[in-house]
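Here is the structure we will look at.
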């Protein structure tokens, strides 16, 4: 199995590279926080606690990360454990959440996206929105941010380049890669028919 | 403002529409991000600092989480009731090994098992064949033996190693073998001669009969895999002193109880039934006892937590 590119980021962190730590935190805190929030009943304080515990545990164990999956996937594994521990300590039952990325039937749930408006259409549209946001969170590096800046904020390539402190050509190239990565990831999640959907 | 230098096609239009449909991802609270960043950064710095000071920390280990890929290859149907020689423990989850079984560990993983009176650890890519409770053949890779009683024999195509109650590693490469002794003494039978190696010594033997001897550190990066391969530690019912002794033995360092508070806590009995890596066990046991530790060369200094 090929090593995930995140392996190099982890290796730099293990060597004590401050820049790598910054990159690691900037890339992973927000997605992990959003991962935790619905699983702890949208309690921001609890989410903060479990994410902090997750990241602290992760940096202690970083040398064991072998790049078999993305770092975020690896972190989510720790996070699930921390969430379970939190609810065990509190002698509480985790909230019953029905998350897209937790259920294998996600594709079926989205089958009728874009169909004529029906009572469940709004719900499914929300689920699609969440799926898009999940995919954006799972894209490598700053791809998700770049796509949001481009399509929601309407930033130019030059403005995106300035935000990322890279050249315009590099930003164009990054956007191309970000679109391709999004297309691949969303296709995988949606079952290969996303381009037929009316959005 | 959209950038008109972009060349978009219908696929890109669809991506744009999807991203707009979804809207901006929920922001995270900035103050939470700042607090978590500080805490995680502190934790990271401590981890890095500890690695740099000691060079033996296997924070990489995550033994409990690591999938140990072990393949047991039965040589025989030969004996109808093969001799049961190993009740595997640690990461092997109770697998039973019989005489003439070959035992393989996948690259990138480690394994540990109870073998007779010894604890055996296997590095990734290792293959052994167990002959009896005191004898095995190393076919490739590396084993580490922690034996309280003498008499274990490790055979390799290049030479054989017999321990005299010790901790040692035998690593086999294509045309040479290396024996590194951490505690006690071993005898290497090679080329018709016996070469003894004491603690802190490495013997490097080639296939032509040559043997060279070097001094080595008893801790450091080259022993990291041994820590990674350590069987999980259960704290429940053990004293702090027992946990510290187990972990320092694994890591090749000596515990120093620096003050009365630390010494008094040594006999404290611990609770907790979650299997932990040595590093986690030490951290947990010290925190529970109101103590902390730092490393100084090959010493682990244990003091009261301030």
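No value in this document is a laboratory result; all are computed from the given coordinates. Keep in mind it's a predicted model, so treat the numbers as computed, not measured. Heads up, the Cβs are rebuilt from the backbone with ideal geometry, glycines too, and the neighbour counts pull from every protein chain shown.
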Inset, instruction - Throw me the Rg/Rh for the range B:98-256, computed over C-alpha atoms with Kirkwood Rh, two decimals. - result: 0.96
Inset, instruction - Kindly put B:250, B:296, B:204 in sequence by how many other C-beta atoms sit within 10 Å of each C-beta, fewest to most. - result: B:296, B:204, B:250
Inset, instruction - Would you kindly state how much longer the chain becomes between residue B:264 and residue B:217 on full extension, computed as 0.36 nm times their sequence separation minus their alpha carbon distance, in nm to one decimal? - result: 13.8 nm
Inset, instruction - Over every pair of different alpha-carbon atoms in the range B:233-304, take the mean of 1/r and invert it; report that Kirkwood radius in Å. - result: 11.8
Legend entry - Contour minus Cα-Cα distance for residue A:173 and residue A:44 (0.36 nm per residue): 42.8 nm
Inset, instruction - Please work out the Cα center distance from the range A:25-61 to the range A:126-167, rounded to the nearest Å. - result: 21
Inset, instruction - Post the alpha-carbon centroid distance, the range B:157-190 to the range B:282-304, in whole angstrom. - result: 32
Inset, instruction - In vacuum, with every alpha carbon of the range B:187-237 counted as one equal point scatterer, what does the Debye formula give for log10 I(q)/I(0) at q = 0.19, 0.21, 0.26 Å⁻¹? Two decimals, please. - result: -0.77, -0.85, -0.99
Legend entry - Along principal axes, Cα extents of the range A:21-84, largest first, whole Å: 32, 23, 18
